[in-house]
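The values are calculated or read from the model by the stated rules, or taken from the named source; none is laboratory data. Computed from a prediction, not measured in an experiment: that's the story for all the values here. Using ideal geometry, Cβ is built from the backbone for each residue, glycine included, and neighbour counts are taken over all protein chains shown.
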Ligand code: NAP
């Protein structure tokens, strides 16, 4: 690995030089283990501790197949899917690997007694498999997390509809929380040159998801002037939804749970912010009875901020706790767009408010390559910026995952893999200097 690290730091190496670097036999990787999937049995979600289930192991380098790339990972990030994998909820991810293993010989490589996690990376291509022409060893890249086979016609209009669609590093093995990663070449995108490795690695999954969910015609198809209610506006998804709303001429109404997070929303440029903790909203009475009075109180709080308007779009992901209120507060003809159910997937809502007021609920999941590419272009052009608040070394990734599970983080938490320290990897200092104020909103390099 030392030789590879030196190559990353060296100037003007050709792709031939990169091809001549030896591929190591094994690499460091953050894993969960198949024989430990029962360790949290009987424990509630909040008490399942990722620090017990996540391991830093040395694992063999997987064989490179056609259409794939082996990437040197300089940095990655914690996504909530790493948290789900580490607490074996809602199901152990080994089920996905076993299913993938049944599909083909290449799929079989993924079905192992360990699962290398991670759905983001920034790094350098080390090798490409047969049939890869667009990318070459030495290219500086980020990877989005959509893995598709595209052998079925169903995926050829929108790759998210491919029946063999998987999230890399969650439903496949060999993810990005490691020193090397195996991806399909059509997951690769150019690394934004003005960002550090850890900044570049942090937005991929959440920015692309928020882009499809909010901006794409496959999601809510947001328009200028739309009022957008954004739950968790300082979290992974929400910090990008807020930026996309502001960029697109919409008006975000940001919901967060502390004064510090409310300040961050204002620093991003949002003027309408609700502190749900200070308001003490209780959308459920005793956890089981819907509390309509509280839905109305949320609706009034939104109208107080907007001057009387209800949200055209509700950006949903907390799920069971907030969903009934989200359906209630959306305007007549409005859209509730959902990509998750963090607080529980058995949703309730009062259907009268949906059908009588002609609202729509739209399901959204990650993004196709074009949507991910467009989102990455926004990042490359400085139109959106990373929301990285803290960076951990790979051997402390489990602590970072625990912070996310406990909702003690802001924006994104970065992980240094092969990058020896924060702040490395910037190629375009001049462009960075022009965008420095925005890049530093959530934190400073190495904070
Ligand atoms: P995150 O960084 O933890 O942010 C979520 C935010 O939501 C939290 O910071 C919190 O903000 C708010 N929140 C959490 N529980 C809540 C509740 N019960 N009521 C109201 N607000 C609540 O996580 P994320 O990366 O944004 O991901 C959020 C969810 O989306 C996860 O379940 C994740 O698995 C899922 N996801 C799905 C996709 C997809 O493609 N389908 C992609 C990305 C993420 P405050 O405390 O400040 O309010």
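Before moving on, here are some points about what is shown:
- Subset of segment 286-298 [in a helix (DSSP H, G or I) and either within 16 Å of the ligand (Cβ to nearest atom) or farther than 30 Å from residue 240 by Cβ (or both)]: 292, 293, 294, 295, 297, 298
- Scanning segment 400-412 for residues that are surrounded by fewer than 24 Cβ atoms within 10 Å (Cβ to Cβ) and within 13 Å of the chain's Cα centre (by Cα) yields a single hit, 404.
- Scanning segment 340-357 for residues that are loosely packed, with under 11 Cβ neighbours inside 10 Å and more than 31 Å from the chain's Cα centre (by Cα) gives 352, 355, 356.
- The number of residues in segment 164-203 being at positive phi and within 16 Å of the ligand (Cβ to nearest atom) comes to 1.
- Residue 126 vs. criteria crowded, with 22+ Cβ neighbours inside 10 Å and under 28 Å from residue 11 (Cα atoms): yes
- Per the conditions (1) within 18 Å of residue 220 (Cα to Cα); (2) surrounded by 14 or more Cβ atoms within 10 Å (Cβ to Cβ); (3) within 13 Å of the ligand (Cβ to nearest atom), the sole criterion not satisfied by residue 313 is (3).
- Filter pass, residue 49 being surrounded by fewer than 22 Cβ atoms within 10 Å (Cβ to Cβ) and either farther than 28 Å from residue 199 by Cα or in contact with a helix residue (DSSP H, G or I) (Cβ under 8 Å, 6 or more places away or on another chain) (or both): yes
A quick yes/no check of all residues on (1) more than 9 Å from the ligand (Cβ to nearest atom); (2) surrounded by fewer than 24 Cβ atoms within 10 Å (Cβ to Cβ); (3) in the same structural domain as residue 79 (by TED's automatic domain parsing):
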residue	(1), (2), (3)
225	yes, yes, no
229	yes, no, no
240	no, no, no
246	yes, yes, no
252	yes, no, no
256	no, no, no
263	yes, yes, no
266	yes, yes, no
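- Residue, farthest from residue 32 (Cα to Cα), within segment 92-108, restricted to residues that are without any contact (Cβ under 8 Å) to a residue 40 or more places away in the chain and not in a loop (DSSP other than H, G, I, E, B): 105
- Residues being assigned to a strand (DSSP E or B) and within 11 Å of the ligand (Cβ to nearest atom) - total across segment 268-283: 3
- Failed item, numbered, when residue 318 is tested on (1) part of a loop (DSSP other than H, G, I, E, B); (2) touching a strand residue (DSSP E or B) at 6+ places or on another chain (Cβ under 8 Å); (3) within 11 Å of the ligand (Cβ to nearest atom): (2)
- Among the residues of segment 259-283, those that are in contact with a helix residue (DSSP H, G or I) (Cβ under 7 Å, 6 or more places away or on another chain) and within 15 Å of residue 230 (Cα to Cα) comprise 265, 268, 269, 270, 272, 273, 274, 275.
- Just one of the listed residues (54, 70, 43) is out of contact with any helix residue (DSSP H, G or I) (no Cβ under 9 Å at 6 or more places or on another chain), modelled with pLDDT of 95 or more and more than 23 Å from residue 135 (Cβ to Cβ), namely 43.
- Segment 1-91 holds helices (runs of 4 or more DSSP H) entirely within its bounds, and those carrying 3 or more residues that are in contact (Cβ under 8 Å) with a residue 60 or more places away in the chain and touching a strand residue (DSSP E or B) at 6+ places or on another chain (Cβ under 9 Å) map to 2-9, 15-19, 80-86.
- Check on residue 131, closer than 24 Å to residue 372 by Cβ and assigned to a strand (DSSP E or B): no
- Neighbours by Cβ (under 8 Å, 6+ apart or cross-chain): first from segment 274-300, closer than 14 Å to residue 327 by Cα and not assigned by TED's automatic domain parsing to the domain that holds residue 407; second part of a strand (DSSP E or B) and within 13 Å of the ligand (Cβ to nearest atom): 290/284; 291/284; 298/274
Listed here are the residues, each with its yes/no results for (1) over 27 Å from the mean Cα position of the chain (by Cα); (2) more than 29 Å from residue 366 (Cα to Cα); (3) away from the ligand (no atom under 16 Å from the Cβ).
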residue: 6; (1), (2), (3): yes, yes, yes
residue: 18; (1), (2), (3): yes, yes, yes
residue: 21; (1), (2), (3): yes, yes, yes
residue: 67; (1), (2), (3): no, no, yes
residue: 73; (1), (2), (3): no, no, yes
residue: 77; (1), (2), (3): no, no, no
residue: 80; (1), (2), (3): no, no, no
residue: 87; (1), (2), (3): no, no, no
residue: 98; (1), (2), (3): no, no, yes
